[in-house]
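**Student:** Here's a structure for you.
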Amino acid sequence: MSEYPDYISPIRKPAPTPASIVEDGKVHFGTFDSPFANLNLLDACKPCGKKMPDFMKKSRLTEWEAFEVLMDEGALISAVYSIGALGFSIFVWYDKAEDKIYSWRNLVPKKKAKVAKQLVDDYCYCKTGKSEYRIDNDFMHGKASAKGYSKGKSGTFEIDMSFERVSPLANGVMPLAKNKDGSFRNALYSEKDFFKATGKIVLNGKEYVSNERSVGIIDDHKGFYPFKAHYDWLTSMGTIDDGGVKKYFAFNLTRNQSVDQFNYNENVIWCGDESFPMPPVVFTHKDGKKKANEWHVTDEGGKGLVDVTFNISKVFYMPIHALVIECYYALPYGTIKGYITDTNGKKYIVDGMLGIGEDKTTRM
């Protein structure tokens, strides 16, 4: 369709991507149709509302690239992070049959965790005495790959996986704060791509090999978060039967601190070779945070466009207490039910799909 319905901002229509995310000190906010060749957020003028030396900018910039995989046997969240003075890689595998989480976290000083500067031809890398992880990006050709291993209390883990894009990318730059004059600051960049996955995962000697249903998402993320920050996130991916045709299908639902949710959010549906923006959403955690075994996600306007219930089975917790950083991080796995709606008015029933969420709160 050429025009979005009135509940979707025209700004959500992807525009041609500038060469750099920051030009002449100003951030390009919006939705874009291809990867940025230059993710130079550190060149932003007063990115957090006041002038600061370069070393302070670097300490305030949070970066990660997540490599997410869904297979018949389970789901993986892996990533290389750089936050504050810390860097680390993580691997969190949820085994469906066992209803169990296996996890590995590998901490290093910030300078030893390389997060890709951009997705065109750069890579992530993190190595410790018990782990090594590399994510290679080739997004202009719609490809990426990950290879690595880790050892720890959960045993041994290995990954050797390649991705090939199946749907249009979702690339957005959002403001997390406003200046007194109404201009935006605290830019948050997020690109999410949906892929077919090929390769294997080995857990404690047991090999899981991909098939035609294996899929993945890459979530590339860079931002100047406020001193107190929070977001909720829920995703699912796999395949659906669309009128008798088998299609790759996934969605992303996020409620972050964007100060203009209507114009700037990262909610999207991927279905086959199409993608559709979604409206702002609201997360309700039944019974609070750590006791919550059910989340409910609805569209902010109450138009009945999104109605998803997430029944949580297992949760991976990763609290961080380091120097000036306090972080509450919960990564739940479970089953979803309900529906989401695309911009053509078509509803997708998501009953029984595996859901993966995040509930993250940070204080710097």
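**Student:** So, in segment 295-314, of the ones that are charged (D, E, K, R) and more than 30 Å from Tyr102 (Cβ to Cβ), which residue ends up surrounded by the most Cβ atoms within 10 Å (Cβ to Cβ)? Lay out the reasoning, then the answer.
**Tutor:** Our first condition is that a residue be charged (D, E, K, R); within segment 295-314, this holds for 299-300, 303, 307, 314.
Now restrict to residues that are more than 30 Å from Tyr102 (Cβ to Cβ): 299-300, 303, 307.
On the way: Asp299: 20, Glu300: 16, Lys303: 13, Asp307: 16.
By that ranking, first place goes to Asp299.
**Student:** Can you tell me which condition Cys271 does not meet? The list is (1) surrounded by fewer than 19 Cβ atoms within 10 Å (Cβ to Cβ); (2) over 29 Å from Ser154 (Cα atoms), and all the others hold.
**Tutor:** Exception for Cys271: condition (1).
**Student:** Among the numbered conditions (1) assigned to a strand (DSSP E or B); (2) out of contact with any Asp or Glu (no Cβ under 7 Å at 6 or more places or on another chain); (3) of a type in the set (A, V, I, L, M, F, W, C), tell me where Phe283 comes up short.
**Tutor:** Unmet condition: (2).
**Student:** Of the residues Ser59, Ser34, Ser20, which single one is in contact with a helix residue (DSSP H, G or I) (Cβ under 9 Å, 6 or more places away or on another chain), closer than 17 Å to Phe139 by Cβ, without any contact (Cβ under 8 Å) to a residue 40 or more places away in the chain and not β-branched (Val, Ile, Thr)? Steps first, please.
**Tutor:** On the way: Ser59 fails: closer than 17 Å to Phe139 by Cβ; Ser34 fails: without any contact (Cβ under 8 Å) to a residue 40 or more places away in the chain.
None of the others qualify; the one that does is Ser20.
**Student:** Go through segment 150-173 residue by residue and tally those that are of a type in the set (Phe, Trp, Tyr) and farther than 30 Å from Phe276 by Cα. Walk me through how you get there before you give the answer.
**Tutor:** Step one: of segment 150-173, the residues of a type in the set (Phe, Trp, Tyr) are 157, 163.
Checking which are farther than 30 Å from Phe276 by Cα leaves us with 157.
The total comes to 1.
**Student:** OK, next. It is to be established whether one or more residues within segment 174-193 are in contact with a Lys or Arg (Cβ under 6 Å, 6 or more places away or on another chain), of a type in the set (Asp, Glu) and crowded, with 24+ Cβ neighbours inside 10 Å.
**Tutor:** Among the residues of segment 174-193, at least one is in contact with a Lys or Arg (Cβ under 6 Å, 6 or more places away or on another chain), of a type in the set (Asp, Glu) and crowded, with 24+ Cβ neighbours inside 10 Å, which makes the answer yes.
**Student:** Contact list please: Cβ distance under 7 Å, first residue in segment 293-309 and closer than 17 Å to Ile269 by Cα and without any contact (Cβ under 8 Å) to a residue 40 or more places away in the chain, second residue of a type in the set (Ser, Thr, Tyr) and in a strand (DSSP E or B), pairs at least six apart or on different chains.
**Tutor:** Listed pairs, sorted by first residue: Asp307/Thr298; Asp307/Tyr339.
One line per residue, one yes/no per condition, for (1) in a strand (DSSP E or B); (2) within 13 Å of the chain's Cα centre (by Cα):
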{"residue": "Glu207", "(1), (2)": "yes, no"}
{"residue": "Asn211", "(1), (2)": "no, no"}
{"residue": "Ile217", "(1), (2)": "yes, yes"}
{"residue": "Thr235", "(1), (2)": "yes, yes"}
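**Student:** Return a yes/no flag: does segment 348-357 have any residue that is surrounded by fewer than 17 Cβ atoms within 10 Å (Cβ to Cβ), without any contact (Cβ under 8 Å) to a residue 12 or more places away in the chain, assigned to a strand (DSSP E or B) and touching a strand residue (DSSP E or B) at 6+ places or on another chain (Cβ under 8 Å).
**Tutor:** Yes, that holds for at least one residue.
**Student:** So which residues in segment 145-160 are among the hydroxyl-bearing types (Ser, Thr, Tyr) and in contact with a Lys or Arg (Cβ under 7 Å, 6 or more places away or on another chain), if there are any at all?
**Tutor:** Initially, segment 145-160 is screened for residues among the hydroxyl-bearing types (Ser, Thr, Tyr), giving 145, 149-150, 154, 156.
Hit for segment 145-160 is Ser150, nothing else.
**Student:** Here is a list: Gly87, Gly142, Gly129. Which entry is buried (at least 22 other Cβ atoms within 10 Å of the Cβ) and free of Cβ contacts under 8 Å to residues at least 60 places away in the same chain?
**Tutor:** Values: Gly142 fails: buried (at least 22 other Cβ atoms within 10 Å of the Cβ); Gly129 fails: buried (at least 22 other Cβ atoms within 10 Å of the Cβ).
It is Gly87.
**Student:** Same structure again: For segment 37-56, name all the residues that are touching a residue at least 12 places away in the same chain (Cβ under 8 Å) and aromatic (Phe, Trp, Tyr). Don't jump to the end; show me each part of the working.
**Tutor:** Quick first cut of segment 37-56, residues touching a residue at least 12 places away in the same chain (Cβ under 8 Å) only: 37-49, 54.
The answer is none; no residue qualifies.
**Student:** Can you pull out the residues in segment 99-136 that are closer than 22 Å to Ile21 by Cβ and either part of a loop (DSSP other than H, G, I, E, B) or in contact with a Cys (Cβ under 8 Å, 6 or more places away or on another chain) (or both)?
**Tutor:** Ala113, Lys114, Val115, Ala116, Lys117, Gln118, Leu119, Val120, Asp121, Asp122, Ile135
**Student:** Restricted to segment 168-200, and to residues that are more than 16 Å from the chain's Cα centre (by Cα) and assigned to a loop (DSSP other than H, G, I, E, B), which residue is nearest to Val27 (Cα to Cα)?
**Tutor:** Among those residues, the one meeting the criterion is Ser183.
**Student:** Among the numbered criteria (1) of a type in the set (Phe, Trp, Tyr); (2) buried (at least 21 other Cβ atoms within 10 Å of the Cβ); (3) within 17 Å of the chain's Cα centre (by Cα), which single criterion is violated by Phe283?
**Tutor:** The number of the failed condition is (2).
**Student:** I've got another one for you. Of all residues in segment 9-50 being among the aliphatic types (A, V, I, L, M), more than 21 Å from the chain's Cα centre (by Cα) and assigned to a loop (DSSP other than H, G, I, E, B), which is surrounded by the most Cβ atoms within 10 Å (Cβ to Cβ)?
**Tutor:** In this case the residue turns out to be Ala44.
**Student:** To continue, here is another question. Determine whether Thr343 is part of a loop (DSSP other than H, G, I, E, B) and buried (at least 18 other Cβ atoms within 10 Å of the Cβ).
**Tutor:** In short, yes.
The numbers here are math on the coordinates, done by the rules we state, and not lab data. Keep in mind it's a predicted model, so treat the numbers as computed, not measured. In this analysis, Cβ positions are derived from the backbone assuming ideal geometry, glycine residues included, and neighbour counts consider all displayed protein chains.
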